[in-house]
Amino acid sequence: MKDKAEKPKLSESESRYKALFEYANDAIFLVKDGVFVDCNTKTLNMFACARDEIIGQTPDRFSPLFQPDGSASAEKARKKIQAALHGRPQFFEWKHLRYDGALFDAEVSLNRVEIDNGKFIHAIVRDITERRQAEELLKTLTHNLPVGVYIVQTGRFKFVNPYFERITGYKESELLDKDAMILVIPDDRNLTREHVLEMLKGEKMLAYEVRVLRKTGETRWILQSITSIQFKGKPAVLGSFVDITEKKQMEEKLHTMSIIDELTQLYNRRGFFTLAAQQMKISSRNKREMLLFFIDLDGLKWINDTFGHQEGDLALVGTANILRETFRDADVIGRIGGDEFAILAVGTSEMTGALLEKRLQEHIDLYNNEIDIIHKLSMSVGVAIYNPECPSTIDELMSKADTLMYEEKKRKRSRQEFTR
């Protein structure tokens, strides 16, 4: 009676296993005594062959003589199969041969299963060719970038590009599988962890500044951004950064001088032009474009005459706050005249200019709609591009942006968009 009761359960289990076996998204083999005894339809597609060209073959038939690490494929495969047979599941990457001789990369997992009291190896093969191509493309794209790029998985480095090596002084081989926090100075580690947690929760991520230690022990300032990706089929963090040490050093020097506008706490004209000249040298050296925004606060005279200079000062402070929210910490923002502001947006290009102008207008609208004020802010903007292949002076950029700004102001006046 006991045997009869158990038989339907076994049949149902086998039926369910067969369905999973046949309709899996990956290739599945059954191996017994070192030869293939069964496979699913996905396997036939992956290896470009018929079932009778697989059944009875050994794993050697579908492997090159040697793996990329120089090991003999046949010997390495036998060791992994034996380990799996002894109850130690195996998971590894493997070069495979299709039936026509073409090579492809795959992930393989081996597990022991018992069917009708016989011991088999249940092998799952996943083609990772597209993923490998994407990884190679990432390496190619990031190889010559003047931006540090790295991948961290389970808290450890999995990839760094040459710029990262240059800034930190470490070779990729010295960092792979090392704790990513070893480069962050202790005082900044909690901040870094907080940003990672916010990103993983789906919070809006902005670039943030952090200090890292070079191999020599020297501290460098970086401005970095992070995002969540899939790397080798598992969640990971993709980070990118620029070295802003020179900017930070210049800022420290400037703070010892009279370079801050007392009202807005932005750089004054002297501070802006000094720091902008330094950034242009760095941009020329790194061959990176920048954008210069010249902004005029529309109708400041009317605000002063109508509501008094105290209200005018509030409008200037409000403008400064809007600019801080719109642009990044790495950008140079200054009040260079009574109602005139300038921003040098580093590491940006003509393509991002329109996005920054759109973001600026969004922050202006938020200010006008949500702040309890008796006047509305309006700004006229002119944008000039700094091209390191055809260098220009800060005065030349300012003149071009100023002209474009006044053209916008004329258009506004013609439409009576503000009072002055």
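The values are calculated or read from the model by the stated rules, or taken from the named source; none is laboratory data. Keep in mind it's a predicted model, so treat the numbers as computed, not measured. So basically every Cβ, Gly included, is an ideal-geometry build from the backbone, and we count neighbours across all protein chains shown.
Data table
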| read-out | value |
| --- | --- |
| Residue identified as exposed (fewer than 11 other Cβ atoms within 10 Å of the Cβ), among the charged types (D, E, K, R), more than 17 Å from Ile115 (Cα to Cα) and modelled with pLDDT under 90 among Asp26, Asp60, Asp69 | Asp69 |
| Set Glu408, Glu396, Glu389: member being of a type in the set (Asp, Glu) and closer than 18 Å to Thr326 by Cβ | Glu408 |
| Residues satisfying the stated conditions in region 300-353, i.e. basic (Lys, Arg) and touching a strand residue (DSSP E or B) at 6+ places or on another chain (Cβ under 9 Å) | Arg324, Arg328, Arg335 |
| Qualifying residue in region 286-305 (condition: closer than 30 Å to Pro186 by Cβ and among the β-branched types (Val, Ile, Thr)) | no |
| Where a residue in region 124-147 is within 18 Å of Ile167 (Cα to Cα) and its partner, wherever it lies, is at pLDDT 80 or above and part of a strand (DSSP E or B), with Cβ under 8 Å and at least six apart | Lys139/Phe159; Thr142/Val149; Pro146/Val242; Val147/Ser240; Val147/Phe241; Val147/Val242 |
| Enumerated strands (runs of 3 or more DSSP E) restricted to region 116-179, each holding at least 2 residues that are closer than 25 Å to Leu103 by Cβ | 118-127, 156-160 |
| Among (1) in contact with an Asp or Glu (Cβ under 9 Å, 6 or more places away or on another chain); (2) part of a strand (DSSP E or B); (3) modelled with pLDDT under 90, the one test that Val113 misses | (1) |
| Unmet requirement for Tyr99, which otherwise passes all of (1) in contact with a Lys or Arg (Cβ under 7 Å, 6 or more places away or on another chain); (2) surrounded by 12 or more Cβ atoms within 10 Å (Cβ to Cβ); (3) in a loop (DSSP other than H, G, I, E, B) | (1) |
| Residues of region 316-370 satisfying the condition of being more than 29 Å from the chain's Cα centre (by Cα) and surrounded by fewer than 16 Cβ atoms within 10 Å (Cβ to Cβ) | Val317, Gly337, Gly338, Asp365, Asn368, Asn369, Glu370 |
| Pair list, Cβ under 7 Å, 6 or more apart: region 366-391 residue more than 12 Å from Gly318 (Cα to Cα) and touching a residue at least 60 places away in the same chain (Cβ under 8 Å), other residue among the hydroxyl-bearing types (Ser, Thr, Tyr) and surrounded by fewer than 18 Cβ atoms within 10 Å (Cβ to Cβ) | Gly382/Thr403; Tyr386/Ser392; Pro388/Ser284; Pro391/Ser284 |
| Top-ranked residue in region 88-123 [being in contact (Cβ under 8 Å) with a residue 40 or more places away in the chain and among the basic types (Lys, Arg); ranked as farthest from Gln67 (Cα to Cα)] | Lys119 |
| Members of region 247-269 that are of a type outside the set (A, V, I, L, M, F, W, C) and assigned to a helix (DSSP H, G or I) | Lys247, Lys248, Gln249, Glu251, Glu252, Lys253, His255, Arg269 |
| Candidates Ile121, Ile55, Ile151 - the one that is outside the structural domain of Leu197 (by TED's automatic domain parsing) and at pLDDT 90 or above | Ile55 |
| Region 122-151: number of residues that are more than 30 Å from Phe29 (Cα to Cα) and surrounded by 17 or more Cβ atoms within 10 Å (Cβ to Cβ) | 7 |
| Residue match in region 387-397 (condition: within 13 Å of Phe294 (Cα to Cα), among the charged types (D, E, K, R) and assigned to a strand (DSSP E or B)) | no |
| Flag if Leu355 is without any contact (Cβ under 8 Å) to a residue 40 or more places away in the chain, aliphatic (A, V, I, L, M) and assigned by TED's automatic domain parsing to the domain that holds Phe294 | yes |
